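The values are calculated or read from the model by the stated rules, or taken from the named source; none is laboratory data. Since the model is a prediction, treat every value here as computed from it, not as a measurement. So basically every Cβ, Gly included, is an ideal-geometry build from the backbone, and we count neighbours across all protein chains shown.
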Number of protein chains: 2
Amino acid sequence: MRLFDFNRAPNPRRVRMFIAEKDLSIPLINVDLFSKEQLSPEYRAINPDCTVPLLETDDGVFIREGLAICSYLEDLHPEPCLLGNNATDRALVIQWNNIIESQGIDAVAEVLRNVSPGFRNHALPGPMQLPQLPDLVKRGQIRVMSFFDRIEEQLEGQRYLAGDAFSFADISLLATVDFADWVETRATATRPNLQRWYQEISARPSARA
Amino acid sequence: MRLFDFNRAPNPRRVRMFIAEKDLSIPLINVDLFSKEQLSPEYRAINPDCTVPLLETDDGVFIREGLAICSYLEDLHPEPCLLGNNATDRALVIQWNNIIESQGIDAVAEVLRNVSPGFRNHALPGPMQLPQLPDLVKRGQIRVMSFFDRIEEQLEGQRYLAGDAFSFADISLLATVDFADWVETRATATRPNLQRWYQEISARPSARA
């Protein structure tokens, strides 16, 4: 088993943190997104989406998408449980993870990829050549703020994001808060619930994975 | 248990089709997206994202996001299995479902929501007021075509999208193909694998749910 990874990107970080919480040891293969190695013919052959993370299983199956990879690892190594330990909690972890991906990470990426020179003609992940659109910088900023405002409401009186236990939803949110600092969001500064939550989650040893 | 639904929208259709495959009977509550009922204070109180589908469980828990709702229903009613029956297949169903959501459904919606007068100032789902951006119509069309091209490659020699069995990934893709016709994509016309797959999946009784 091995994980195709890039140290600076938020999505592979979520999987590395999940692996660290499980105390697993999985070799990492660096795919240098800064030099666009993910667009090479060799990498496209194993992942047509040109994304990281990508897990290669011992059976030679390639699995894309953070939640899919973590589902696979949780099935093989159920403890500690990070994807919910009953039907309701499993659903809520998936729910929050998907909300974080589509409304949080995507919104931060919308700002970053439409403003940073490094993403010129690659304004979305993947093999498509797409121009940057200045209007999306402003839209992305609005989306990021709206996302964190709704997270702030959700964390009122809750120690963790999804149910009573630490889960992959917290991992995904931590990666999003740190990713948002790339576009100078300072999400925790004006949101006390998020700040309290961030102080606890970011202090976990796995947060350095 | 009850499902908040809107008959014309692709995301609740995926859950209705899943329910039909399981032969379950769950009352449907219509949320009229055409008259923006999802933005009412009553609905926002139970779903701050203002989206359908939304499942209310017998315990009074509200679950958003299609995959999360289906995970809950699969846990309660495991047969027929629609989310994969081993670690690898479970991961691949999640992988394909997430790819379909973020690259397929979102791309079709990007075209539709930026061109249709009905979405003026609501160019993204949810409570935010966001203007339509004409540049996103063209970008969305490119994304839709790229998505179906990659699906066409994946279906080469495969009866179903994720592994050897019919799954929720096929349900999500069927809803996307039909949703794409709203923006006149005719995805199956030039893609023989997709056409063969579509003829089989759309003939299932659940496709009319």
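Name the single residue that is surrounded by the fewest Cβ atoms within 10 Å (Cβ to Cβ) among those in segment A:62-86 being acidic (Asp, Glu) and assigned to a loop (DSSP other than H, G, I, E, B). Even if it seems obvious, please write down each step before you answer.
Start the filter on segment A:62-86 by keeping residues that are acidic (Asp, Glu), which leaves A:65, A:74-75, A:79.
Still in the list and also assigned to a loop (DSSP other than H, G, I, E, B): A:65, A:79.
Numbers: A:GLU65: 25, A:GLU79: 9.
Out of the qualifying residues, it is A:GLU79.
For every residue, the table says whether it meets (1) surrounded by 15 or more Cβ atoms within 10 Å (Cβ to Cβ); (2) of a type in the set (Val, Ile, Thr); (3) within 14 Å of another protein chain (Cβ to nearest Cβ).
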{"residue": "A:GLU110", "(1), (2), (3)": "yes, no, yes"}
{"residue": "A:VAL115", "(1), (2), (3)": "yes, yes, no"}
{"residue": "A:ASN121", "(1), (2), (3)": "no, no, yes"}
{"residue": "A:MET128", "(1), (2), (3)": "yes, no, yes"}
{"residue": "A:LEU133", "(1), (2), (3)": "yes, no, yes"}
{"residue": "A:GLY157", "(1), (2), (3)": "no, no, no"}
{"residue": "A:PHE168", "(1), (2), (3)": "yes, no, yes"}
{"residue": "A:LEU173", "(1), (2), (3)": "yes, no, no"}
{"residue": "A:PRO192", "(1), (2), (3)": "no, no, no"}
Number of positions in segment B:15-37 that are free of Cβ contacts under 8 Å to residues at least 60 places away in the same chain, assigned to a helix (DSSP H, G or I) and farther than 23 Å from A:ASN86 by Cβ
3
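What do you reckon, is A:ASP59 part of a loop (DSSP other than H, G, I, E, B) and within 14 Å of chain B (Cβ to nearest Cβ)? It would help to see each step written out before you state the result.
Numbers: part of a loop (DSSP other than H, G, I, E, B): yes; within 14 Å of chain B (Cβ to nearest Cβ): yes.
Yes; evaluated as a whole, the condition is true for this residue.
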Here, helices (runs of 4 or more DSSP H) confined to segment A:89-201 with at least 2 residues that are acidic (Asp, Glu), at pLDDT 95 or above and out of contact with any Gly (no Cβ under 9 Å at 6 or more places or on another chain) are A:134-154, A:168-180
Could you please let me know if A:ASP89 is touching a helix residue (DSSP H, G or I) at 6+ places or on another chain (Cβ under 9 Å) and not β-branched (Val, Ile, Thr)?
no
Condition first: within 10 Å of another protein chain (Cβ to nearest Cβ), outside any helix (DSSP H, G or I) and closer than 23 Å to B:GLN154 by Cβ. Can you find one or more residues in segment B:38-56 that meet it?
no
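Take the residues in segment B:20-55 that are β-branched (Val, Ile, Thr) and surrounded by fewer than 20 Cβ atoms within 10 Å (Cβ to Cβ); name whichever of them is farthest from B:PRO78 (Cα to Cα). Explain how you work it out, then say what you get.
Just the residues of segment B:20-55 that are β-branched (Val, Ile, Thr), to begin with: B:26, B:29, B:31, B:46, B:51-52.
Subsequent filtering for residues that are surrounded by fewer than 20 Cβ atoms within 10 Å (Cβ to Cβ) retains B:26, B:29, B:46.
Details: B:ILE26: 16, B:ILE29: 24, B:ILE46: 27 Å.
Only one residue tops the list, namely B:ILE46.
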